[in-house]
Amino acid sequence: MYKLFALLLLLVTVGAVAGEKGYIGLAVTVDAQGFFSPTLRSITVSPVLAGSPAERAGISAGDQLLEIEGHTVAGANANDFKPYLQMDAGQPLHLAVKKSSGEVKSIFLVAGNQP
């Protein structure tokens, strides 16, 4: 079992070649197996930045990301999600999130301009 901790201001504050860099405003803990081509077990939201697109969409620390743009997280190759880390400001993102209550929510948000 290999645990990979990624503190990313996820789907975060990474740059895109064209357009202004976008950010979602959350960090995650990634549980994965393998090193060079890790298979994801889960992605759990860590801190959410106050006033961020993630907070405005209702995402909270402890939420589990089940799907990103229709792609199931558990069992997926972590490299498949790299494109979602390079978002331009204004780019939409759809997530399926399991809240700490067990409720599964479909969340739509838009990458914001970096603060």
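Read-outs throughout are calculated quantities, based only on the coordinates presented, and are distinct from any laboratory measurement. Because the structure is a prediction, the values reported are computed rather than measured. Cβ coordinates were reconstructed from backbone atoms using ideal geometry, including for glycine residues, and neighbour counts include every protein chain displayed.
Working out 0.36 nm times the residue gap between R56 and V110, then minus their Cα-Cα distance, what length gain in nm do you get to one decimal?
Values: separation 54, 0.36 × 54 = 19.44 nm, distance 1.01 nm.
Here the segment from R56 to V110 would lengthen by 18.4 nm.
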| task | Pull up all non-local amide H partners of S46: gap of 5 or more, or a different chain, and H-to-H distance under 5 Å with H placed in the peptide plane. | result | A27, V28, T29, G62
| note | So, with points 7 Å from each Cα along the Cβ direction, the H94-T39 label distance in nm works out to 2.7 nm
| Taking other Cβ within 10 Å of each residue's Cβ, how do L66, L109 sort, fewest first? | L66, L109
| request: Starting at the first residue of the stretch 32-45, write each ³J(HN,Hα) from the Karplus equation 6.51 cos²θ - 1.76 cosθ + 1.60 with θ = phi - 60°, in whole Hz, x for Gly and Pro. | output: 9, 10, x, 10, 6, 9, x, 9, 6, 9, 7, 10, 10, 6
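How would you rank 27-40, 50-63, highest first, on the average number of other Cβ atoms within 10 Å across their residues? It would help to have the intermediate numbers written out before the result.
Numbers: 27-40: 15.4, 50-63: 16.9.
Descending packing order for the listed peptides: 50-63, 27-40.
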